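Please treat every number below as a calculation from the coordinates, not as lab data. Please read all numbers here as calculations on a predicted model, not as lab measurements. Using ideal geometry, Cβ is built from the backbone for each residue, glycine included, and neighbour counts are taken over all protein chains shown.
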Amino acid sequence: MQKKHSNDSDPIFVTRPSLPDKNIFLQYVDTIWESRTLTNFGPLCCSLEQQLSDYFDVEHVTSTANGHLALEIALQGLELQGEVITTPFTFASTVHAIRRCGLKPVFADIREHDLTLNPEAITALINKNTAAIVPVHVYGHPCDCTHIEKIAHAHNIPVIYDAAHAFGVRLQGRSIASYGDVSIFSFHATKLFHTIEGGALAYSNKSLKRPFRLLQNFGIKGEDNVFCIGGNAKMNEFQAAMGLANLPSVPALIEARRKVTQRYRDGLADLDGIHIFHPEKTPNISYNYAYFPILVCEEKTGISRDTLYNRLQEHSIYARRYFFPLAADYPCYKNEHPDSAWPVATRVVSQVLCLPIYAELTQYEVDRIIRIIHLCLGNTP
Ligand SMILES: *Cc1c(COP(=O)(O)O)cnc(C)c1O
């Protein structure tokens, strides 16, 4: 379908939520009028959990109100105490969830080539207080799960993956959701697959199902039995309707993003100092093209990441500096690790820029962004 060309002054944001065919969504909504169940694990919510369990190829899926609460429920459900090793290069949610569950985040450095946690750095930080590892498949780049899980196994601690970016990613022939003790997903409107707001826990250990359900529903076990201190993290039926309507489009969304990525890669390939990631070049990785991060190496480009970011804004292109600043540098965590350093994360956080990517971003718009980047770097393509 040929779309009307956008104007060269129209703003382009880093992402744009996908929407399903409205009639398909409304057909699900009609069933809500019939069931009169709006929330508390209604038929649509249960159906979505089942479909996600098939899609993830994971035994159990617990849907939640959002991804952040899925993470808190995972940490609480595993009854952890002490330190949790995680990455400073992530969205605020990862680290806040650890702290809000009364645990101490301990930051390990990341790897150059995919920006995920460095297993050697994890090993160096493990001690008798280490309760768990929370790696992040940042940008959908899968972590070195084999290595990380070997370390965790040797120390008898669980691994909880923050897979908020990794919907649809596969590693070594397995769904990314099947790794670790638990993987959590975000279905926020800005994510590849969404339920407006929403999230899920994916896991294979059946004994976690009950604690997770209790934690997401006030600890209520039966009419007159409040069993533990739970909160409220239930997915409602309208969220589930959106998820059910969106799920069939996931392969098409990934393919459309792959095309955008390819066009960016072709258009930026000859620019010295613009680093591009190719996660799917690693054997056994099937990528979801959720983000298009670049690294701006100022020594070669002659301009800093922030200058490029500002210049793009002058042209109404709203790239984002995900994940600047490092979580370890937030005022709330800054003073907790005076003797620590994360040289790779510290460098990357000053270089990274996520360019706009979403399924409906047109070739014309991608070319406009590429052209402006060439212009900013003093090249004429
Ligand atoms: C989006 C996101 C979350 C939180 O998910 P919400 O659904 O917004 O609560 C957690 N971790 C990462 C890495 C994210 O990007």
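Provide the net charge surrounding Asp272, with neighbours chosen by a C-beta distance below 13 Å and charges set as Lys +1, Arg +1, Asp -1, Glu -1. Before the final figure, lay out each step's value.
Numbers: positive: Lys300; negative: Asp270, Glu298, Glu299.
In short, -2.
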As straight-line cross-link partners of Lys259, the qualifying lysines (C-alpha separation under 26 Å, not fewer than 8 residues apart within one chain) are Lys3, Lys4, Lys22, Lys191, Lys281
The set of residues whose placed amide H lies less than 5 Å from the amide H of Arg16, leaving out same-chain residues fewer than 5 positions away, is none
Rounded to one decimal in nm, the spacing of the 7 Å Cα→Cβ label points at Lys206 and Phe13 is 4.5 nm
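Treating the beta-carbon of each Lys and Arg as +1 and of each Asp and Glu as -1, no other charges, what is the dipole magnitude of the chain about its Cα centre, to the nearest 20 debye? Before the final figure, lay out the partial values.
Working: 35 positive and 39 negative charges, 36 e Å.
For this selection, approximately 180 debye.
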Karplus ³J(HN,Hα) for segment 30-38 (6.51 cos²θ - 1.76 cosθ + 1.60, θ = phi - 60°; Hz, whole; x = Gly/Pro) runs 3, 5, 5, 5, 7, 6, 6, 10, 9
Toy charge model, Lys and Arg Cβ at +1, Asp and Glu Cβ at -1: segment 1-130 dipole around Cα centroid in debye, rounded to 20, equals 420 debye
Of 27-36, 230-239, 214-223, ordering from highest average Cβ density within 10 Å down gives 230-239, 214-223, 27-36
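Expressed in whole Å with the largest first, what are the equivalent ellipsoid semi-axes of the chain derived from the C-alpha gyration tensor as the square root of 5 times each eigenvalue?
Details: eigenvalues 235, 158, 57 Å².
Gyration-tensor ellipsoid for the chain: 34, 28, 17 Å.
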Subtracting the Cα-Cα distance of Thr31 and Gln81 from 0.36 nm times their residue separation yields 13.7 nm
If Ile85, Ile274, Ile285 are placed from fewest to most neighbouring beta carbons inside 10 Å, the sequence is Ile285, Ile274, Ile85
The alpha-carbon center of segment 316-381 and that of segment 21-44 are separated, in whole Å, by 39 Å
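Ignoring everything except DSSP H segments at least 4 long, calculate the 222 nm mean residue ellipticity for the chain; use -39,500 (n - 2.57) per segment, divide by total residues, nearest 500.
Working: 13 runs with 136 residues, N = 381.
It comes out at -10500 deg cm²/dmol, rounded to the nearest 500.
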Phi angles of segment 195-210, converted by Karplus (6.51 cos²θ - 1.76 cosθ + 1.60, θ = phi - 60°) into ³J(HN,Hα) in whole Hz with x for Gly and Pro, give 10, 6, 10, x, x, 7, 10, 10, 6, 10, 7, 4, 5, 8, 4, 5
Charge dipole of the chain built from unit charges on the beta carbon (Lys, Arg +1; Asp, Glu -1), centred at mean Cα; most positive-end Cα among Ser47, Pro325, Asn288 is Ser47
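Just want the ordering: Asp329, Asp10, from fewest to most Cβ atoms lying within 10 Å of their own Cβ.
Numbers: Asp329 15, Asp10 11.
If I rank by nearby Cβ atoms, fewest first, I get Asp10, Asp329.
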For the chain, whose charge dipole is built from +1 on Lys and Arg Cβ atoms and -1 on Asp and Glu Cβ atoms, the candidate among Leu208, Leu38, Pro251 with its Cα farthest towards the positive end is Leu38
Scalar couplings 3J(HN,Hα) for segment 181-194 by Karplus 6.51 cos²θ - 1.76 cosθ + 1.60 (θ = phi - 60°), nearest whole Hz, x for Gly and Pro, are 6, 8, 10, 10, 10, 10, 10, 5, 3, 8, 8, 3, 10, 9
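What is the sum of charges, Lys and Arg at +1 and Asp and Glu at -1, for the other residues whose Cβ falls under 9 Å from the Cβ of Pro119? The partial results should precede the final answer.
Values: positive: Arg111, Lys150; negative: Glu120, Asp144.
It works out to a net charge of 0.
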